[in-house]
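Everything below concerns the one structure shown next.
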Amino acid sequence: MKRREMEKDLPLPLYYKLRESIREKILKGEYPPGSKIPSEQELAQKYKVSRMTVIRAINDLVQEGLLYRKQGKGTFVSIPQVQQRLGKLTNFTQDMLSRNLKPDSIILNLELISPSFLIQEKLKINEGTKVWKLERLRLADESPMGLQTAYLPSDIFLYIDKEELGNGSLYEYLKKKYGIVFKRAEETYWVRMPNSYEAEKLKIGKNNPIFYVQRITFLTDEKPGEFVESILRGDRYQLYVELTT
């Protein structure tokens, strides 16, 4: 759409028309998620508008979350966020499949450890009881989404086989191997900056905020069966809560 075409319709500001033109290209897939859009100078020349008009249009789309800037590299189309609906117990695999995303996991560490006092308290286990520590990188469509470290008491889960678990759902694996189903969970969310290790694994900058989540998952007898620490990319997740009177 050239400047003359934009002007012949409604008497709307040029930045508004340019913004909607860019939005339309994003929604139609002409600018796919993760791709770099033309530079401010290129857009100004293409649409025959001032650079300030381009900047204002792009700023609006950045604030909406449709675009994001990388310093020194340009402006890119955001990858759609995953809406995390609070109030329902699901697992990562279910969440991603329900959004037509391909879930995957990379096991970074699996070992039997002596838990810290915090983990003992969360799992309500006796001193001396060891736990399985399972650290995984969670991906959707091959893009890092989060880091999850699960702690499972060894008096309930005697053995966890790395090869059998593979990149599948932990909950499905435990259900199949032990016949155990989790009933409910309690989660607490914080927002903070990632440390160097987290930023490297999630492929984000150290100034990109993340969600830090603690989850205690309960068995049908209300005994804690899992304690999880999750690091979720703030640019890939949004929280959704439905409130009723």
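Read-outs: derived from the displayed coordinates by stated rules, not from any lab. Keep in mind it's a predicted model, so treat the numbers as computed, not measured. Heads up, the Cβs are rebuilt from the backbone with ideal geometry, glycines too, and the neighbour counts pull from every protein chain shown.
Computed values, structure above
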| item | result |
| --- | --- |
| In region 63-116, the trypsin sites (Lys or Arg not before Pro) that fall in loop regions by DSSP, at most 16 other Cβ within 10 Å | Lys73, Lys88, Arg99 |
| Per residue convex hull volume, Cα atoms of region 3-77, in Å³ | 88 |
| Restraint check, Lys175/Lys223; Lys133/Lys206; Lys70/Lys102; Lys130/Lys201; Lys17/Lys46, Cα-Cα greater than 21 Å | Lys133/Lys206; Lys70/Lys102; Lys130/Lys201 |
| Residue exposure sequence - Leu110, Leu43, Leu14 - by fewest surrounding Cβ within 10 Å | Leu110, Leu14, Leu43 |
| Low-density loop cleavage sites - GluC sites (Glu not before Pro) in region 155-245, where at most 15 other Cβ are within 10 Å (DSSP) | Glu222, Glu242 |
| Crossing angle, helix 51-64 versus the chain [Cα axis fit, 0-90 degrees, rounded to tens] | 30 |
| GNM result for the chain, Cα springs below 10 Å: residue of Gly234, Gly168, Gly29 fluctuating most strongly | Gly29 |
| All lysines inside 16 Å of Lys28 as judged from Cα atoms, apart from same-chain residues fewer than 8 positions distant | Lys36 |
| Low-density loop cleavage sites - trypsin sites (Lys or Arg not before Pro) in region 162-245, where at most 14 other Cβ are within 10 Å (DSSP) | Lys203, Lys206 |
| Beta bridge orientation in the chain: antiparallel %, DSSP, nearest 5 | 95 |
| Euclidean distance between Cα centres, region 100-169 to region 20-64, Å | 42 |
